[in-house]
Amino acid sequence: MLAPWPPSRNAWGVIPKWIPLVHQAWIDDLGEGQESGVLLSTGEELCLRFRIPPSRNPVGIVQVHRFYAVRPKSGKTVFYDLEPMTQPCVRSVYSHLGLLPCWYLDREREQEIKG
């Protein structure tokens, strides 16, 4: 059974009166579906920054293949291969810490650079 919202007490005593107001404004602005996405992203960010759990490495490495796609005046696209490179990624659903998620890089191993 879920606890009623807003809870009347926490570990430090009575919850400040502004917290239920902020929560209600948040639900009014975001809606039920978006609230869960924001909570998931915030939880991921906290787990990554504070390494929760400590045994899990939050950053992974994926090898990607990059190439240039150049269209000269003739109109036919020419591809120039670059060396494969390892790219750091974060093990989460959303991108954090300026890194793309590993699941996305696994799907997009070939990266085109248009020039």
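Could you list, in sequence order, the residues of the stretch 32-86 that are surrounded by 10 or more Cβ atoms within 10 Å (Cβ to Cβ), of a type in the set (Asp, Glu) and free of Cβ contacts under 8 Å to residues at least 40 places away in the same chain?
GLU35
Restricting attention to the stretch 87-100, which residues are farther than 14 Å from VAL64 by Cα, surrounded by 14 or more Cβ atoms within 10 Å (Cβ to Cβ) and without any contact (Cβ under 8 Å) to a residue 24 or more places away in the chain?
SER95
In the stretch 101-115, how many are of a type outside the set (Asp, Glu), closer than 30 Å to GLU45 by Cα and touching a residue at least 12 places away in the same chain (Cβ under 8 Å)? Write out each step before concluding.
Looking only at the stretch 101-115, we keep the residues that are of a type outside the set (Asp, Glu), and these are 101-105, 107, 109, 111, 113-115.
Those left that are additionally closer than 30 Å to GLU45 by Cα: 101-105, 107, 109, 111, 113.
Narrowing further to those that are touching a residue at least 12 places away in the same chain (Cβ under 8 Å): 101-102, 104-105, 109, 111, 113.
Of the residues in that region, 7 qualify.
Scan the stretch 83-99 and tell me whether some residue there is among the aromatic types (Phe, Trp, Tyr), touching a Leu at 6+ places or on another chain (Cβ under 8 Å), under 30 Å from LEU39 (Cβ atoms) and not in a strand (DSSP E or B). Steps first, answer last, please.
Let us first name the residues in the stretch 83-99 that are among the aromatic types (Phe, Trp, Tyr), namely 94.
Retained after the next criterion (residues that are touching a Leu at 6+ places or on another chain (Cβ under 8 Å)): 94.
Narrowing the set further to residues that are under 30 Å from LEU39 (Cβ atoms) leaves 94.
With not in a strand (DSSP E or B) added as a condition, the list becomes 94.
There is at least one residue in the stretch 83-99 that is among the aromatic types (Phe, Trp, Tyr), touching a Leu at 6+ places or on another chain (Cβ under 8 Å), under 30 Å from LEU39 (Cβ atoms) and not in a strand (DSSP E or B).
Just so you know, all these numbers are worked out from the coordinates, no wet-lab data involved. Keep in mind that this is a model prediction, so the values were computed, not measured. Cβ sites come from the backbone with ideal geometry, for glycine too, and all protein chains shown count toward neighbours.
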